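Written below as structure tokens is the structure these notes are about.
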Amino acid sequence: MSDVRHVLVLPDRDAAEEVAEELAARFGVAEEPQLVRDALAGEDDAEDAQWLVVVEDPAGRLDPGALDEFAAEYEGWLEKP
């Protein structure tokens, strides 16, 4: 089975950091998720940046539906592969 990578899109850094911390508690994610700032195309203002939380799921055991619902609690969503 190939490695699975889930990308959660969050509205700001604070939400992304909370989600990254909560992933271990709620989903048992062992590896530290990666936070990536994603400036919207054509936007120079840092306030308009979204943040991505990249979760490696080598065993493919995380439920995308549950991750999407989890991200929605922080006004975010799971990016469709």
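The values are calculated or read from the model by the stated rules, or taken from the named source; none is laboratory data. Because the structure is a prediction, the values reported are computed rather than measured.
Okay, here's what the table says:
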read-out	value
Options Glu22, Glu47; residue that is modelled with pLDDT of 95 or more and of a type outside the set (A, V, I, L, M, F, W, C)	Glu22
Condition broken by Glu75, with the remaining ones in (1) acidic (Asp, Glu); (2) modelled with pLDDT of 95 or more; (3) not in a loop (DSSP other than H, G, I, E, B) satisfied	(3)
